[in-house]
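Just so it is clear, none of the values below were taken in a lab; they were calculated from the coordinates. Just so you know, these numbers come straight off a predicted model, no measurement behind them.
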Amino acid sequence: MAILFFAWREPRIALLCLVIVGALIAFALRRSWPRWVITFMAVASLAVTFPLVRFQLTFGTVIPIATAVQLALELIGWALLFHPRSSSWYRRPRASG
């Protein structure tokens, strides 16, 4: 989202992505299905943007580092979504407020 906002100067699209991902994370606190939607979106996004990712990895110094860090964080985040401790955390009862 930072690349959309700062590098591509697309604040509306970055905000839309933030809202969608934020909503999925909020729903994930109550249900398990958003984890699968987030996984599908990440895989689809990587598949669609792979040529762009390859280009970003060859562009200067800062952009490749930011791209590699972003991909690593996405992979770590995805793995943590399905870690056994996170599954029990998602399933625990929530206080209604």
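Taking 0.36 nm per residue of separation and subtracting the current Cα-Cα distance, fully stretching the chain between ILE65 and ARG85 would add 4.2 nm.
Length gained on full extension, LEU18 to VAL48, computed as 0.36 nm times the residue gap minus the Cα-Cα distance: 8.9 nm. Taking a ≥ b ≥ c as the square roots of the eigenvalues of the Cα gyration tensor, segment 29-75 is classed as oblate, since a/c reaches at least 1.5 and a/b does not exceed b/c.
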